[in-house]
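To start, the structure under review is shown below, and the notes come after it.
The values are calculated or read from the model by the stated rules, or taken from the named source; none is laboratory data. As the structure is a prediction and not an experimental result, all values here were calculated from the model. Here the Cβ positions follow ideal geometry from the backbone for every residue, glycine too, while neighbour counts run over all protein chains shown.
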Amino acid sequence: MSIFGLGRVGLPLAIVIARSGLRVIGVDVDESKIAKINKGEMPFYYPAMQEWLGEVVASRKLVASTHSKESIEQSDVIIVTVGTPTGSRCELDYSQIHSVLNEVGKANLKNKAVIIRSTSVPGTLANIVMPLLFKATGLRPGVDFGLAVCPERIVEGQAHRELYEVPEIVGGTGDLSNVIALQLFKRINPQKKILILAPTGAELAKLFTNIYRYVQFALANEFAIWAERYGEDAHQIIQAANESYPRSSIPRPGFAGGPCLAKDGLLLDNNTTYSSIVSVAWKLNEAVPQHVVTQLMKEMGSLYGMKIAVLGLAFKANSDDVRSSPSVKLIETLKGYGAEVLVHDPYVKDTMSLSDALKNPEVVVIANNHSAFKNLAGKIDSSGCQIVYDVWGIFEASDFTRARYKRFGSAK
């Protein structure tokens with residue numbers, strides 16, 4: 001089988017399927033990434049997958065290639081995991097999917113199967129994939145070859161566990177397509193649950209999953225702003241509201257971003273002509289970096305020429321992924337106000353060292369909840385900074401004896 005797209009979705013899937021005993025050809029246009037994978041090296045930070053990658057590469061169960069034609073010809077199943085980013089106006093960019101499908105359409109798909117795992121708007125399989133492949137091949141999807149939507153729903157950095165445990169949603173074009181997808185994912189784990197929906201239903205299920213989480217984060221962030229206005233601490237209030245209460249699981253406030261959560265809501269919202277909860281949630285979450293800057297200006301006055309250390313560039317904890325990271329927006333906003341910004345992230349290359357970032361800053365912003373940051377209170381306190389602003393609330397005021405401590409969601 002072949003998997004198109006060896007990013008943070010496709011490569012972990014390729015590794016896990018190869019570990020099940022199937023031979024996998026991973027296809028990507030990035031030659032440097034292909035070279036690393038074929039040497040058994042993860043091209044991005046994912047220590048839990050490193051040993052597994054070495055094993056499947058050494059056994060030749062996984063081979064990475066830039067040659068799509070040969071990969072398709074040698075495969076019974078083709079899985080598409082390429083990116084579906086949004087453009088400057090939040091429109092979906094289908095170019096990567098079109099590029100792969102145009103290659104797939106050149107092959108003889110008789111008795112093969114194509115599985116779309118990339119995130120897409122509802123109706124993508126019915127309105128784009130099916131007519132494209134039918135026109136290119138003359139073969140009937142669901143009859144002459146299998147075709148299904150099987151959306152990826154794995155939390156980044158947890159594929160080594162969730163690919164075995166999380167139920168798969170399958171939206172096939174007929175029973176044959178569903179059976180092929182079921183057998184493939186049962187190969188990973190015979191006990192894995194398979195949930196069958198119509199193709200558009202499967203596409204919607206992926207979007208609903210991420211939108212639900214994103215709206216929850218937006219609500220927590222709105223709670224944080226309300227708590228500030230009432231002179232209270234949202235972290236303490238949310239903890240109390242959740243404590244042993246079966247109907248409350250409010251997440252803690254903080255930056256909400258990344259390449260999926262915000263984008264997936266916009267994919268659905270852009271298909272309507274009216275405002276929705278999704279668009280309001282997006283506006284609220286996207287405004288948090290500016291809110292942080294505004295709060296700093298209330299404390300410090302003008303930020304022009306001020307040295308501000310930002311700890312954390314990735315969009316989530318213990319990751320090197322900076323795509324659509326609110327920290328990036330925070331940094332650009334601070335620079336726009338004339339601040340000198342010093343950036344450190346232990347997982348992101350080309351950021352400065354912690355010691356350099358903490359050389360006499362006037363402000364330190366904790367912009368990510370990396371586990372590596374949780375023991376840094378002493379170093380931050382001794383850096384000479386006047387204010388520590390904690391976006392995630394991973395510290396307490398009592399952790400600092402010299403610097404003033406402020407956190408998002410607290411007026412104290």
Check your understanding: If you take the residues of region 102-121 that are assigned to a loop (DSSP other than H, G, I, E, B) and aliphatic (A, V, I, L, M), which of them is farthest from residue 137 (Cα to Cα)?
Key -> 121
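Yes/no per residue for (1) surrounded by fewer than 24 Cβ atoms within 10 Å (Cβ to Cβ); (2) more than 15 Å from the chain's Cα centre (by Cα); (3) of a type in the set (Val, Ile, Thr):
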site: 3; (1), (2), (3): no, yes, yes
site: 12; (1), (2), (3): no, no, no
site: 25; (1), (2), (3): yes, yes, yes
site: 34; (1), (2), (3): yes, yes, yes
site: 39; (1), (2), (3): yes, yes, no
site: 42; (1), (2), (3): yes, yes, no
Revision key, fill the gap. Those residues of region 288-300 which are surrounded by fewer than 17 Cβ atoms within 10 Å (Cβ to Cβ) and among the hydrophobic types (A, V, I, L, M, F, W, C) amount to 297, 300
Exercise for review: Identify all residues within region 225-271 that are more than 30 Å from residue 200 (Cα to Cα), of a type in the set (Lys, Arg) and either touching a residue at least 60 places away in the same chain (Cβ under 8 Å) or in a helix (DSSP H, G or I) (or both); write none if there are none.
Suggested key: 229, 252
Practice item. Any chance you could count how many residues in region 382-397 are without any contact (Cβ under 8 Å) to a residue 40 or more places away in the chain and either in a strand (DSSP E or B) or surrounded by fewer than 19 Cβ atoms within 10 Å (Cβ to Cβ) (or both)? Key: 6
Review point. Out of curiosity, is residue 221 of a type outside the set (Phe, Trp, Tyr) and buried (at least 23 other Cβ atoms within 10 Å of the Cβ)?
Key: yes
Revision key, fill the gap. Of (1) in contact (Cβ under 8 Å) with a residue 12 or more places away in the chain; (2) in a helix (DSSP H, G or I); (3) farther than 17 Å from residue 11 by Cα, residue 127 fails just (1)
Point to revise | Some residue of region 239-251 being crowded, with 22+ Cβ neighbours inside 10 Å, closer than 16 Å to residue 407 by Cα and at pLDDT 95 or above | key: no
Revision key, fill the gap. Filtering region 162-178 down to residues that are surrounded by fewer than 19 Cβ atoms within 10 Å (Cβ to Cβ), more than 10 Å from residue 148 (Cα to Cα) and of a type outside the set (Asp, Glu) yields 164, 166, 167
Check your understanding: Tally time: how many residues in region 133-172 are more than 31 Å from the chain's Cα centre (by Cα) and among the acidic types (Asp, Glu)?
Key -> 1
Practice item. Give the residues of region 362-379 that are in contact (Cβ under 8 Å) with a residue 60 or more places away in the chain and within 18 Å of residue 299 (Cα to Cα), sorted by residue number. Key: 362, 363, 365, 367
Review point. Consider residue 202 against the criteria (1) outside the structural domain of residue 17 (by TED's automatic domain parsing); (2) exposed (fewer than 15 other Cβ atoms within 10 Å of the Cβ): it satisfies all of them except one. Which criterion is unmet?
Key: (2)
Exercise for review: Check off (1) of a type outside the set (Gly, Ala, Ser); (2) within 28 Å of the chain's Cα centre (by Cα); (3) over 18 Å from residue 96 (Cα atoms) for residue 175 and give me the number that stays unchecked.
Suggested key: (2)
Check your understanding: Mind checking which pairs have a first residue in region 301-321 that is over 29 Å from residue 261 (Cβ atoms) and among the basic types (Lys, Arg) and a second that is in a loop (DSSP other than H, G, I, E, B) and modelled with pLDDT of 95 or more, Cβ under 7 Å, 6 or more apart or different chains?
Key -> 307/360; 307/361; 307/362
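Filter region 166-224 down to residues that are among the acidic types (Asp, Glu) and either part of a loop (DSSP other than H, G, I, E, B) or in contact with a Cys (Cβ under 9 Å, 6 or more places away or on another chain) (or both), then give me how many there are.
1
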Check your understanding: Taking the stated definitions as given, is residue 82 surrounded by 19 or more Cβ atoms within 10 Å (Cβ to Cβ), touching a residue at least 12 places away in the same chain (Cβ under 8 Å) and touching a Gly at 6+ places or on another chain (Cβ under 6 Å)?
Key -> yes
